[in-house]
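Everything on this sheet refers to the single structure shown next.
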Amino acid sequence: MSEKILVLGSNGQIGTELVTALRSAYGNDNVVACDIRRPDYETKNAGPFEFVNVLDKEILKEIFQKYKPSQVYLLAALLSATGEQNPKLAWDLNMNGLLNVLDLALAFKTTKVYWPSSIAVFGPNSPKERTPQYCTMDPNTVYGISKMAGERWCEYYYQKYNLDVRSIRYPGLISWKAAPGGGTTDYAIHIFHEALKKGSYSSFLSATTELPMMYMDDAIRGTIELMDAPAKEISIRSSYNFGGVNFTPEVLAAEIRKHIPEFKLSYTENDPRQDIANSWPKSIDDSFARKDWLWKPEFDLARMTDDMLKNLKKS
Ligand code: AKB
């Protein structure tokens with residue numbers, strides 16, 4: 001059967017690269033990019049685009065009616081830092097956007113739905129090192145709370161209605177094509193831009209704040225591998241732990257100095273994102289993903305840094 005794929009929230013950091021990857025796998029016309037904002041990236045003329053607000057169920061229904069998608073990726077969300085500035089909007093978008101999509105996927109017999117969760121589902125009482133798939137989860141951001149609740153809804157729709165929903169708990173994603181979306185891990189992207197532009201950067205997270213991160217190439221490949229895996233291999237219907245590379249601002253700066261020896265890193269104190277970072281894991285145990293759908297990251301810190309700097313220099 002030929003696939004028809006909707007990507008909701010296609011203009012964001014993940015969507016920009018996911019649309020390109022899906023279009024090369026399934027053909028440009030079969031991947032419909034949807035966002036509330038006009039696309040401003042290289043693929044804007046490459047395939048269909050629709051203006052869609054995932055909170056507008058009527059418009060969303062018309063899009064499902066028009067395309068009868070076999071797969072839907074729902075990426076529209078408010079992330080951890082912006083979510084704290086507008087908690088009610090973050091809850092509304094992250095929760096009702098998901099429920100709208102799950103209901104329409106059922107109504108229009110969509111075969112598979114993808115919805116991203118995050119390491120933000122963990123909180124101060126979760127184990128920090130190699131955080132397991134199943135453990136205490138007490139998220140203290142509205143983003144984390146909405147992702148945790150969303151995971152439960154995904155599993156619920158799978159168990160009650162047999163909807164094939166798949167999900168990954170993304171760590172901080174590092175990429176150069178599109179700007180990051182207002183998260184706590186965004187320093188790890190800004191640092192590359194500023195290193196090249198100014199030779200210095202002031203990090204809003206402290207020198208020793210270690211967080212789980214991943215290069216976007218790995219994240220896109222892993223996402224598509226999860227969606228391509230046979231349903232019988234998917235043992236987790238909430239969301240999979242997903243590991244890449246873990247580092248602190250000072251370790252990342254040392255790696256950047258191998259390319260830009262004069263690079264200087266300083267720190268901004270009392271940023272509210274520090275408290276969020278302190279409540280998150282330092283590293284992730286992703287053994288379920290490795291076992292179920294053979295997940296294996298390819299980018300370590302050195303390869304990621306090299307690729308980021310090369311591409312940002314060119315762009
Ligand atoms: C954020 O920092 O909010 C995101 C995330 C880890 O989900 N990058």
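Longest exposed-loop-site-free stretch of the chain, with GluC sites (Glu not before Pro), DSSP loop and at most 12 other Cβ within 10 Å? Value returned for the longest uninterrupted segment is 130-261.
Taking each DSSP H run with n ≥ 4 as -39500 (n - 2.57) and averaging over every residue of the chain yields -12000 deg cm²/dmol at 222 nm. For Ser202, the residues whose modelled amide H falls within less than 5 Å of its own, excluding neighbours fewer than 5 places apart on the same chain, are Ser266.
Region 156-194 and region 15-36 have Cα centres lying 17 Å from one another.
Rounded to the nearest 0.05, the FRET efficiency derived from the C-beta distance between Asp300 and Trp153 at R0 = 22 Å is 0.05. For region 105-113, putting each phi into the Karplus relation 6.51 cos²θ - 1.76 cosθ + 1.60 with θ = phi - 60° gives couplings of 4, 5, 4, 9, 6, 5, 6, 9, 10 Hz, in residue order, rounded to whole numbers and with x for Gly and Pro. Within region 215-315, the trypsin sites (Lys or Arg not before Pro) that combine a DSSP coil assignment with at most 15 other C-beta atoms in a 10 angstrom radius are Lys258. Of the trypsin sites (Lys or Arg not before Pro) found in region 83-156, the ones in coil according to DSSP and having at most 11 other Cβ atoms within 10 Å of their Cβ are Lys109. Put a dot 7 Å past the Cα of Glu3, heading toward its Cβ, do the same for Arg290, and the two dots end up 2.6 nm apart. Derived scalar couplings between HN and Hα for region 61-66 equal 4, 4, 5, 4, 4, 5 Hz in order, rounded to whole Hz, by the Karplus curve 6.51 cos²θ - 1.76 cosθ + 1.60 (θ = phi - 60°), x for Gly and Pro. Each Lys or Arg adds one and each Asp or Glu subtracts one; over the other residues with Cβ under 15 Å from the Cβ of Ala254, this totals -3.
On the accessible surface of region 99-240, probed at 1.4 Å, how many percent belong to carbon and sulfur atoms? Mind showing how you got there, number by number?
Numbers: 2650 of 5050 Å².
Carbon and sulfur atoms account for 52 percent of the accessible area of region 99-240.
With θ taken as phi - 60° and the Karplus curve 6.51 cos²θ - 1.76 cosθ + 1.60 applied, the whole-hertz 3J(HN,Hα) list for region 231-246 is 3, 5, 7, 8, 8, 10, 10, 8, 6, 7, 4, 8, x, x, 9, 10 Hz, x standing for glycine and proline. Taking the longest Cα principal axis of the chain as reference, the axis of helix 301-314 is set at about 80 degrees. Rolling a 1.4 Å probe across all protein chains gives Ser206 an accessible area of roughly 50 Å².
How much length, in nm to one decimal, is gained on full extension between Arg38 and Glu262, taken as 0.36 nm per residue of separation minus their Cα-Cα distance?
On the way: separation 224, 0.36 × 224 = 80.64 nm, distance 3.89 nm.
In short, 76.8 nm is gained.
Near the amide H of Val32, within less than 5 Å, lie the amide hydrogens of Ile5, Leu6, Val7, all on another chain or at least 5 residues away, with H placed in the peptide plane.
Find the accessible area per residue for the chain; the probe is 1.4 Å, ligands and nucleic acids are left out, and the unit is Å². List each step's numbers first, then the result.
Numbers: 13510 Å² over 315 residues.
Accessible surface, normalised per residue, equals 43 Å².
Straightening the chain between Asp56 and Lys160 buys 35.0 nm, computed as 0.36 nm per residue apart minus the Cα-Cα spacing. Which of Lys160/Lys291; Lys68/Lys177; Lys112/Lys232; Lys4/Lys109; Lys198/Lys313; Lys198/Lys296 have a Cα-Cα distance over 23 Å? Violating the 23 Å Cα-Cα cut-off are Lys160/Lys291; Lys68/Lys177; Lys198/Lys296.
List every residue whose amide H lies under 5 Å from the amide H of Asn246, counting only residues 5 or more places away in sequence or on a different chain, with H placed 1.01 Å from N in the peptide plane. The list, which skips near neighbours in sequence, is Met213. Length available on full extension from Asn140 to Ala229: 0.36 nm per residue minus the Cα-Cα distance, which gives 28.8 nm.
Does a label point 7 Å from the Cα of Leu312, set along Cα-to-beta-carbon, have any residues of region 241-270 with amide nitrogen under 17 Å, and which are they? The answer is 247-268. Both numbers refer to the Cα atoms of the chain; Rg and Dmax are 18.8, 58 Å. Please compute the net charge surrounding Thr111, taking Lys and Arg as +1 and Asp and Glu as -1 over other residues with Cβ under 9 Å from its Cβ. Charge balance in the 9 Å sphere: 0.
The values are calculated or read from the model by the stated rules, or taken from the named source; none is laboratory data. Every value quoted in this text rests on a predicted model; they were computed, and no experiment measured them. For neighbour counting, all protein chains shown are included, and Cβ atoms are generated from backbone atoms with ideal geometry for every residue, glycine included. Remember, those area values only see protein heavy atoms, side chains included, never the ligands or the DNA or RNA. Shrake-Rupley method; radii C 1.70, N 1.55, O 1.52, S 1.80 Å.
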